Each structure stands twice: as C-alpha cells, then as structure tokens.
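Here is the structure we will look at.
The values are calculated or read from the model by the stated rules, or taken from the named source; none is laboratory data. Keep in mind that this is a model prediction, so the values were computed, not measured. Note: ideal-geometry Cβ built from the backbone for every residue, glycine included; neighbour counts use all protein chains shown. Just the protein is used for accessible areas: all its heavy atoms, side chains included, with ligands, DNA and RNA removed. Shrake-Rupley method; radii C 1.70, N 1.55, O 1.52, S 1.80 Å.
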Amino acid sequence: MQDSADSHDVVVVGAGFAGLYAVQHVRSLGFSVQGFEAGSDVGGTWYWNRYPGARCDVESVDYSYSFSEELQQEFEWTERFAGQPEILRYMQHVATRFDLYRSIQFDARVVKARYDEQGRRWQVELESGAMCSARFLVLATGPLSVPLVPEVAGMSTFEGSVYQTSQWPKTEVDFTGQRVAVIGTGSSGIQSIPVIAEQCDQLYVFQRTANFSIPAQNSALTREALDQIKANYPERRRLAREDRIGTPYRYRPYGVMEVDEQERARAFEEAWQRGGTHFTKSFTDIVRNEDSNKYAVDFVHRKIKAIIGDPELADALLPKDHPLGSKRICADTNYYQTYLRDNVTLIDLQRTPLVQLYDTGIRTTTTDYPIDSLVLATGFDALTGSFLAINITGPRHQTLRDTWRGGPRTYLGLAVAGYPNLFLLSGPGSPSVLANMVATAEQQVDWLGNLLTHLRQHHLTTAEADPTAQDQWVEHVNELASHTLFMKADSWYLGANVPGKPRVFMPYVGGLHAYRTLCDDIAASDYRGFSFTG
Ligand code: FAD
Ligand code: NAP
C-alpha cells in the first residue's frame, strides 16, 4: 500500500446505528472523520434486512438514540415495534438532521487496513482500490451483517428466484400465485413466514431446529401513549441505562422457584401478554438455573400446543434441544397460527433431511416440493464475520485473521492487543447482541469519544490493549458465561452455526449496566489495561 493524500483523524467503517453515532459524536468532539459504508445509504441492519415482516424486537421508543433530547421528542414512532421501513426512515432522518451524509462515503467497502508503524496511522483500502489513512480506525461493521448462505446441493441448478432475508431487494417482491420455500426458523424466518404465507399460493417451511418464539404483541402507538413516553423520556432512558439489557422495564426481582405455582403461572402469563424477548426477564434466573428454565419451557410448550391443536404438528414445533433464552428468543406476529392455514406446510428436517435443490424445486429424503421461489433465512457469520472480512494487518505484520484463529480475543470487546488505535464496536467480549443494541452502541461510542479526547489532551499518539488485561477480560467473559445456560445451545453466540468456526462464547453476559460501570471505572483509572505512546 502507498500513503494516500486523503488523511483523517478517524475512519469509521459502517453506517448502522453504531457507525452513524460514531461519526456524529467523534465529529462533534472536533476530530475529522470519514465514514465508509458498503451499502448505498445509512441504516446497516435496517438497510439490508428488507424482508417482509422485518421489525425490531426492542420497543422502538427504546431502540432509538438517546443522545439528543430534540431528536427523541420530534420523531414520531407509529408502532410499539416499528417495521424496517420506519426504522430506516428514522436513521435517514438522523443522518439528515445531524448533517452526517457529508462525512460518509457510500457504496464503499473497506477490504484492507494496514497499520503503518512509522507514520502511526492506519492505511485503509477500499474495494475500488481507493485509499486513505487515519490515526484511529473504528470498525462499526455489525455483529449480524455477514449473511450465511447454506451449502445446499444443487443450488446452481435451481431455476426459480432465490432471496436471502438479509440481502432483500429494494424493489417489492410479489409472491402472489407462487409456491415458496423458506429455509430457516430463526428470528428472520419466524417474522417473514406469516407475511409470505398471506401472499403466496403455497408455503413450505423447512425447519431444522424449532426455536422459542413469543408473540410480540405489537400494536399501534396511540397519540396519548407516545406523548406520555415523551414526557417521561429522561426517566425512561435512565432506567434503560441502569438495566442489564438496556430496556426500562423491571419485573419480579426473584427466581422462578421462590414463588408458588399460582404466582409462577401469573408471571409467565403476564410475560406472554407483554410479549417478545422480555419473557426471559419475567424472573431473575431463567437463563441461569436449569430447573427454573424448565418451568418456562413447559409454559411455552403448553401455549404452542394450545394454539396448534394437532399433536403431531405441535410436537414438531416444540423447541426441545436448548433451554429457553439460550438462543435469542424470537418475537413474532401470528407465527404459530400460520401453520393452521391450508396453504402452509411444515417440513421437519430432522425427520426428513434436505437432500438438494433441483431445477424446479427442493427435495428431501422422502418428497419433491415444486417451488417458484426460495427464501433463505439462514442467519449470519455473527460477531466476528464482518471484522475478519477485512484484511487487517497490525504493526508486526500479524493479521487479525491469524490472531483470532483460535477464536476472538479482545479487551472489553473494544480493542485488540497488538493493534494500536483499532477500535471495534459491538465486538466479541462486549454485551452487544445480548442487549438493546442502540443503547450498547451509544455507550461504547461515548466511552470511545472520551478515550480519544484523553489522548488529545495528553498529547498521546496511540492507545493499545495490554495483552495481560486482554487475557483477564477473556477469562472473565468465559467465566461469566460458564455460569449460565447459554453454553447449552448450539447458537450463533458460540459460532456453532458456521462450519469450522472456533467454539467460543462471544458476547459478555454480565449485562450492559455492569459493563458500563466497568468501562467507566477503567476510564476513571487512566484507562487501566491500555498502554499509550506519544
Ligand atoms: P449494522 O447495523 O449491521 O451496520 C453495519 C454496517 O457496516 C452495515 O451497513 C454494513 O454494510 C457495513 N459494513 C460492514 N462491513 C463493511 C466494510 N468492510 N466496509 C464498509 N461497510 C461495511 N438488535 C436489537 O437490539 N433490537 C432489535 O430489535 C434488533 N432487531 C434486529 C433485526 C434484524 C433483522 C437483524 C438482522 C438484527 C437485529 N438486531 C436487533 C441486531 C442489529 O444488528 C443491531 O440492533 C444494530 O442494528 C447493529 O448496528 P451496527 O451499527 O452495530 O451494525
Ligand atoms: P438465525 O437465528 O441464525 O437462524 C437461522 C435459521 O436458519 C435457523 O433456523 C437455522 O437452523 C437455519 N439454517 C441455517 N442453515 C441451514 C441449513 N443449511 N439447512 C437448514 N436450516 C438452516 O438467523 P436469523 O433468523 O437471521 O437471526 C439472527 C439474529 O438476528 C437473531 O437471533 C436476532 O438477534 C437478530 N434478528 C432479530 C430480529 C427481530 O426480531 N428484531 C429479526 C431477525 C433477526 P438451526 O437452528 O438448526 O441452525
């Protein structure tokens, strides 16, 4: 790589919730910033995932930025859980309102980053071959942004249309009159299946593993409800900041088995009626105590059986291979009810595995299903995929791909020993995907802004994680996870969904509030665990 004339204090890669706020905040602190985004607009997750039914599973009024009181007062959310078009519109509004578009280059994928030891700068290269340099490189490339395309035999022979939920076309896809297959029953599949079923002639759902899904209980936000939320926003945000998962709600502060049967049933029913991912918040020990978890599982199993009726179909839909909450709980609208429709068929791949695609359909060990379109809701190379997709080389010519060969190692999920002035947002080792991710993005960006300001004030050139601090952090993250039920699922949290990926539990399970407190404490002690030059 050669030096480029284009040099900045900070390069931010990615313009989702994390990158967009990083550009805004760091620029407001007086640093020169250049953002790069592979997509053609801001939005990140909400730019790419345009599949039918895509919506947030954290309430929109909380799954939104808190850094500007004016912003939170002026934006009008229309639903409890907004759909993808509304969230994308919100992010475009933010980018316009804070004049962020001028600092971001779109259709610009970063492919390489090399640390130039002499100049103490990152040399950044785009897919187009264009280059620039920056003192600080911030990767806001997303924990769920690298689609996982399954290796199904015969894919290239299939003559129909293939859609990946996370690469959905910008133009409307019309399934009217079609026979459609969906592979995958994670959150994306579970959200899209009911909507596709309403439009197409025949829907085949190919399920490898049944997942826990709790009805989102989505509804329109009335004027009155929204006004009330806005009037109490500062308090609502304070409660969210002090919460484990970054939402303002607190429920029963005790374990499942500390209450009698009646109270337990009431609590689970309330949680079901509240809807969605909050189900794991109904008691304090659902993802920590196996016996407590079984009560929650039994409750949800009973609900599924009651909706489905037919015992054989219900049995196929019951999640049985992992504790509730050990994989991300899905939040649906009419998911189980969809299987009562005449035009929907569930194919249980554990009974009849998938064999191949052929020119006009999809084949299992027992049956050929003729289809016009195939929808892949098959997930992501999560948490490390987007960092490792960039060829990153540190000062001693080591690559991040080699450094993380045995699994990711970070300090606070924010920095990697051996890579000065490189910062990850929502990196492995941070709470990221286990909490409200707009809240986690704001917390990390604010903290990073303080670190950069500290460097400037003390005339320091570089900050780098100490290997010992990193080792201790990795150990701490693993130790916390080992006391939970998260280790009992083959989840993408563990990298289990990607063949050959090292099995390491990646997110920090201690919760956003504990993480925030720790990060603040580290900053207050002159950034313990970092070494500086300058
Ligand atoms: P992203 O939004 O993924 O943005 C990363 C951006 O970086 C992308 O636009 C990508 O194009 C760009 N990029 C990546 N690599 C490069 C590169 N090399 N060069 C240039 N650009 C690059 N979380 C919640 O907390 N609540 C929810 O309700 C919720 N719903 C979700 C629904 C879906 C369908 C999905 C997939 C995820 C959901 N998540 C949710 C998780 C979601 O990913 C985060 O909430 C959040 O949007 C992540 O923001 P981000 O900025 O970190 O990453
Ligand atoms: P996912 O949870 O990883 O689900 C992928 C699905 O595809 C699983 O059912 C998986 O089965 C199946 N699959 C993968 N490869 C397959 C193959 N070769 N053959 C058959 N089935 C295969 O991915 P996702 O649904 O996109 O969700 C990822 C995460 O994004 C969520 O956990 C959540 O954090 C976030 N998200 C949130 C929302 C929301 O509600 N707001 C919506 C979408 C996504 P196995 O389980 O057997 O591997």
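Where both bridge residues fall in the chain, DSSP classifies roughly 40% of the beta bridges as antiparallel. Which whole-number percent is the relative contact order of the stretch 251-324 (Cα, under 8 Å, 6+ apart)? It comes to 30 percent, rounded to a whole number. The peptide list 150-158, 318-326, 111-119, 188-196, put in order of mean Cβ contacts within 10 Å with the highest first, becomes 188-196, 318-326, 111-119, 150-158. DSSP beta bridges confined to the stretch 1-134 are antiparallel in about 60 percent of cases. Between the listed residues 533, 108, 433, the Cα displaced farthest toward the positive end of the dipole of the chain, a dipole computed from Cβ unit charges relative to the Cα centre, is found at 533. Counting charges near residue 357 (Lys, Arg +1; Asp, Glu -1) among other residues having Cβ under 14 Å from its Cβ returns a value of -3. For the chain, the solvent-accessible area works out to 41 Å² per residue, with a probe of 1.4 Å and every protein chain left in place.
Each Lys and Arg adds +1 at its Cβ and each Asp and Glu adds -1 at its Cβ; summed about the Cα centre, the chain shows a dipole of about 640 debye. Mean separation of Cα pairs under 8 Å and 6 or more residues apart, divided by the residue count, gives the chain a relative contact order of 19 percent. When the trypsin sites (Lys or Arg not before Pro) in the stretch 250-318 are filtered for DSSP coil states and for at most 15 other beta-carbon atoms within 10 Å of their beta-carbon, the remaining sites are 250.
Run through every distinct alpha carbon pair of the chain and return the Kirkwood hydrodynamic radius in angstroms, one decimal place. Hydrodynamic radius (Kirkwood, Cα pairs) of the chain is 24.2 Å. For the chain, the longest principal axis of the alpha carbon atoms and the long axis of helix 467-482 meet at an angle near 20°. Find how many whole Å separate the alpha carbon centroid of the stretch 140-157 from the alpha carbon centroid of the stretch 443-511. What the calculation gives is 25 Å, centre to centre.
For the chain, the longest principal axis of the alpha carbon atoms and the long axis of helix 84-97 meet at an angle near 20°.
Given the options 331, 354, 374, identify the residue whose Cα lies farthest towards the positive end of the charge dipole of the stretch 318-386 (+1 on Cβ of Lys, Arg; -1 on Cβ of Asp, Glu). Toward the positive end, the furthest listed residue is 331.
Counting charges near residue 106 (Lys, Arg +1; Asp, Glu -1) among other residues having Cβ under 15 Å from its Cβ returns a value of -1.
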